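Read-outs: derived from the displayed coordinates by stated rules, not from any lab. Every value quoted in this text rests on a predicted model; they were computed, and no experiment measured them. FYI the Cβ positions are ideal-geometry reconstructions off the backbone, even for glycines, and counts take in every protein chain you see.
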Amino acid sequence: MNWQSILQAVAADVAPVVGGGRVANYIPALARVPMQQFGIALATVDGEQAAAGDSHTPFSIQSVSKVLGLTLGLQALGPALWDRIGREPSGNPFNSLVQLEREEGKPRNPFINAGALCVADRLLSAHEDPTKAFNDLGCSLLGEVLAFDAEVERSERTSGFRNAALANFIKSFGQIDNDIDAVLGLYYRQCSIVSHCAGLARAFGYLANGGVQPETGQRIVSREQARRINSLMLTCGTYDAAGEFAFKVGLPCKSGVGGAIVAVVPGRMVLCAWSPGLDETGNSVAARLAMELFVSRTGLSVF
């Protein structure tokens, strides 16, 4: 297939909805991001790359970083990571407290905020310097340390009252070991990672290639762990819209309120689309449509 022409066609078809939705205005630094932007890029496991639109415009990856946190957690702890974190869809908004009391502080999955906070706690226990662990992973994936947006991190710290409530509530059940401020600090830092569509399409290549990063041949996770991460992306990666994504896109996806959606085509490629305007579930309006159009044009799906 001519990937470049496909992405250009998708970008053209998506153009009428770019700017729709609303930015994540509860995070002040994200509220100022111009909405009339759209980028899309892909990287195949064979080394092909294609891109269209604002594919190299930097943005805050937000919850897409939860895949990196989960990767580090599985590297450090293996199956023991699941002692305090579930693997089921939540069916509730990503920052909900509703299920935690009934389920004694054990989050449903690692991709809702409560689960990502528990992963951050596990990383604090496993690494003397968890930020360095993220940077080392970035070097393994992209050949460079990760970039962090200090303004976004400060913005998250000053407005993250719901996340603070989640962390304290989980700790009240004994499911978090470390100091709450340290857990929140690591979580806000990982959410402030900055990348672009082309970079994320390359970075997540290991999930399309059985755990091995295509560009370097370095094993990041085991084949089984890559399969597990992909399965969680499919069932839990797009907040409480995961069922719709599975139905309309049919690929493992992870979204973030910065407007990015990363999709894995196992054995073939990684696709990333980005546009800041979000729908009511916190997923990018234009990037979501782009994923649907790409699958429709190519027939690439796990189903």
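A compact table of results
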| item | result |
| --- | --- |
| Cross-link partners of residue 248 among aspartates and glutamates (Cα-Cα below 19 Å; sequence separation of 8 or more within a chain) | 13, 240, 279, 280, 292 |
| Rounded to 10°, Cα long-axis angle of helix 180-191 versus longest principal axis of the chain | 10 |
| Counted charge near residue 264, where neighbours are those whose Cβ lies closer than 12 Å (Asp, Glu -1; Lys, Arg +1) | +3 |
| Proxy reagent accessibility, fewest Cβ within 10 Å first, across 157, 189 | 157, 189 |
| Estimated dipole of the stretch 63-191 in Debye, rounded to 20 [Cβ of Lys and Arg +1, of Asp and Glu -1, Cα centre] | 360 |
| Residue-by-residue Karplus 3J(HN,Hα) for the stretch 271-284, coefficients 6.51, -1.76, 1.60, Hz, glycine and proline x | 10, 10, 10, 8, 7, x, x, 10, 8, 5, 8, x, 9, 4 |
| 11 Å beta-carbon shell around residue 178, net charge (K/R +1, D/E -1) | -2 |
| Length-normalised contact order of the stretch 63-191 in % [C-alpha pairs under 8 Å, at least 6 apart] | 31 |
| Rounded if a/c under 1.5, otherwise prolate or oblate - the stretch 25-148, Cα gyration tensor axes | oblate |
| Sequence-separation-based contact order of the stretch 134-189, relative, with Cα cut under 8 Å and 6+ spacing, percent | 29 |
| Viscosity 0.890 mPa s, 25 °C: Kirkwood-radius Stokes-Einstein D of the chain over Cα pairs, µm²/s | 131 |
| Charge tally in the Cβ shell below 14 Å around residue 35, where Lys, Arg are +1 and Asp, Glu are -1, residue 35 excluded | 0 |
| Nearest-20 debye value, the chain charge dipole, Cβ charges on Lys, Arg, Asp, Glu | 380 |
| Centre separation in Å (Cα based) which lies between the stretch 213-258 and the stretch 4-36 | 21 |
| Cross-link reach list, lysines versus residue 171, counting only Cα pairs under 24 Å and skipping chain neighbours closer than eight places | 66, 106 |
| Pair-distance profile P(r), taking every C-alpha pair of the stretch 102-231, with 5 angstrom steps and integer % | 2, 10, 17, 19, 21, 16, 10, 4, 1 |
| Isolated Cys residues of the chain, judged by Cβ distance under 4.7 Å to other cysteines | 118, 139, 191, 236, 253 |
| Backbone HN-Hα couplings from phi across the stretch 133-143 [Karplus 6.51/-1.76/1.60, Hz, Gly and Pro as x] | 4, 5, 5, 4, 5, x, 5, 5, 8, 10, x |
| Where a label projected 7 Å from the Cα of residue 147 along Cα→Cβ would reach, residues of the stretch 198-216 with amide N under 16 Å | 198-203 |
| Angle between the chain longest axis and helix 223-236 axis [Cα atoms, degrees, rounded to 10] | 90 |
| Angle between the chain longest axis and helix 3-14 axis [Cα atoms, degrees, rounded to 10] | 80 |
| Options 188, 252, 276, ranked by Cα towards positive dipole end of the chain, top entry (Cβ charges) | 252 |
| Likely footprinting exposure, 82, 3, fewest C-beta neighbours within 10 Å first | 82, 3 |
| Charge dipole (the stretch 63-191, unit charges on Cβ, about Cα centre) - positive-most of 64, 89, 159 | 89 |
| Normalised contact order of the chain, rounded percent, pairs of Cα under 8 Å and 6 or more residues apart | 27 |
